[in-house]
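**Q** Pasting in a structure now, in structure tokens, and then I'll have a few things to ask.
The values are calculated or read from the model by the stated rules, or taken from the named source; none is laboratory data. Given the structure is predicted, the values throughout are model-derived calculations rather than measurements. Methodologically, a virtual Cβ is constructed for each residue, glycine included, from the backbone with ideal geometry; neighbour enumeration extends over all protein chains shown.
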Amino acid sequence: MKKIEAIIRVEKLEEVRETLEELGYPGMTVTRIEGHGRQKGLVEQFRGREFKVELLPKIKIEIVVHDKEVDKIMNCICQTAHTGEIGDGKIFVYPVEDAQRIRTQERGEIAI
């Protein structure tokens, strides 16, 4: 099992969610986060004054899937969240040692 963690633009959440649901992956955890990568924030103007926004709003999507499904989901997220601009986000993949469904006590891959 693998955990896919995708950090994307806020405005791309619904599009990514709908695309994953169409592929058959409705289960996910979504968290609103703040951060920055290489762009180091941005400079904005408000009432004629410039100020630097160092932490930008982002969305983190977490999905645990079977090993063979990782590439399909990563490609789906990449294609859907892509704008070509700096700040599109990143995807990380982690190994998952075990999982347990609380309601039924099922463990392992059957629990996901």
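**Q** Here are some residues: 60, 40, 90, 52. Which one is at pLDDT below 95 and part of a strand (DSSP E or B)?
**A** Matching residue, one of 60, 40, 90, 52: 52.
**Q** Here is a further query. Checking the condition surrounded by 10 or more Cβ atoms within 10 Å (Cβ to Cβ), touching a helix residue (DSSP H, G or I) at 6+ places or on another chain (Cβ under 7 Å) and over 14 Å from residue 9 (Cα atoms), which residue from 65, 53, 96 passes?
**A** Result: 65 is the single residue among 65, 53, 96 that is surrounded by 10 or more Cβ atoms within 10 Å (Cβ to Cβ), touching a helix residue (DSSP H, G or I) at 6+ places or on another chain (Cβ under 7 Å) and over 14 Å from residue 9 (Cα atoms).
**Q** Among the numbered conditions (1) assigned to a loop (DSSP other than H, G, I, E, B); (2) surrounded by fewer than 15 Cβ atoms within 10 Å (Cβ to Cβ); (3) of a type outside the set (A, V, I, L, M), tell me where residue 25 comes up short.
**A** Of the numbered conditions (1) assigned to a loop (DSSP other than H, G, I, E, B); (2) surrounded by fewer than 15 Cβ atoms within 10 Å (Cβ to Cβ); (3) of a type outside the set (A, V, I, L, M), the odd one out for residue 25 is (2).
**Q** Only one of 62, 109 is touching a residue at least 24 places away in the same chain (Cβ under 8 Å) and in contact with a His (Cβ under 8 Å, 6 or more places away or on another chain); which?
**A** One residue alone meets the criteria, 109.
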